[in-house]
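In what follows, a structure is listed as structure tokens, so that the remarks can point back to it.
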Amino acid sequence: MPIGDVLNTGLEGFNRASQGVERATAEINRATVQTQTDEQQAQQRQLQAASSDEAVTAPVSQPAKLNEALVNLKVEEFNAKANTQTIRTADEVLGTLVDIKV
């Protein structure tokens, strides 16, 4: 496999990992905002129930989405590190080949 192909593969993998990190952070942000909104709504219902003596049930939060997004973020971090190492190795091999030819 030519060195240029290895470099391109490493770059493409790194770009995919970067996009995955962006998706995971956006999902974490959405889950956090949704959790905050749910908590605010629960507080409002509690205040309203206190004045009208109604029972209030807390909303069911969705920690699974947040956990999944955090796992995806860590996976993409490992992908980025692996692709960075591929690029670094290809660069070192290319440097060695240039030194040998000169």
- Item | Residues satisfying the stated conditions in the range 5-25, i.e. open to solvent by 40 Å² or more (accessible area, probe 1.4 Å) and over 14 Å from THR84 (Cβ atoms) | ASP5, ASN8, GLN19, GLU22, ARG23, THR25
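Between ALA80, ALA69, which is at pLDDT 90 or above, out of contact with any Gly (no Cβ under 9 Å at 6 or more places or on another chain) and open to solvent by less than 100 Å² (accessible area, probe 1.4 Å)?
One residue alone meets the criteria, ALA69.
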- Item | First in the range 7-18 and touching a residue at least 24 places away in the same chain (Cβ under 8 Å), second anywhere and open to solvent by 80 Å² or more (accessible area, probe 1.4 Å) and part of a helix (DSSP H, G or I), Cβ under 9 Å, 6 or more apart | LEU7/ASP91; GLY10/GLN85; GLY10/ARG88; ALA17/PHE78; ALA17/LYS81
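Condition check: aliphatic (A, V, I, L, M) and either open to solvent by 100 Å² or more (accessible area, probe 1.4 Å) or touching a strand residue (DSSP E or B) at 6+ places or on another chain (Cβ under 6 Å) (or both). Does LEU47 satisfy that?
yes
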- Task: Count, please, the residues in the range 83-102 that happen to be at pLDDT 85 or above and of a type outside the set (S, T, N, Q).
- Result: 8
- Message: Could you list, ordered by first residue, the pairs with Cβ atoms under 7 Å in which the first is in the range 33-44 and farther than 14 Å from LYS65 by Cβ and the second is open to solvent by less than 90 Å² (accessible area, probe 1.4 Å), at least 6 apart or interchain?
- Response: GLN41/PRO59; ALA42/ALA58; ALA42/PRO59
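The values are calculated or read from the model by the stated rules, or taken from the named source; none is laboratory data. Because the structure is predicted, anything quoted here is derived from the model rather than measured. Counting neighbours? That spans all protein chains shown, and the Cβs are built from the backbone with ideal geometry, glycine included. These area figures cover heavy atoms from the full protein model, side chains too; ligands, DNA and RNA do not enter into them. Shrake-Rupley method; radii C 1.70, N 1.55, O 1.52, S 1.80 Å.
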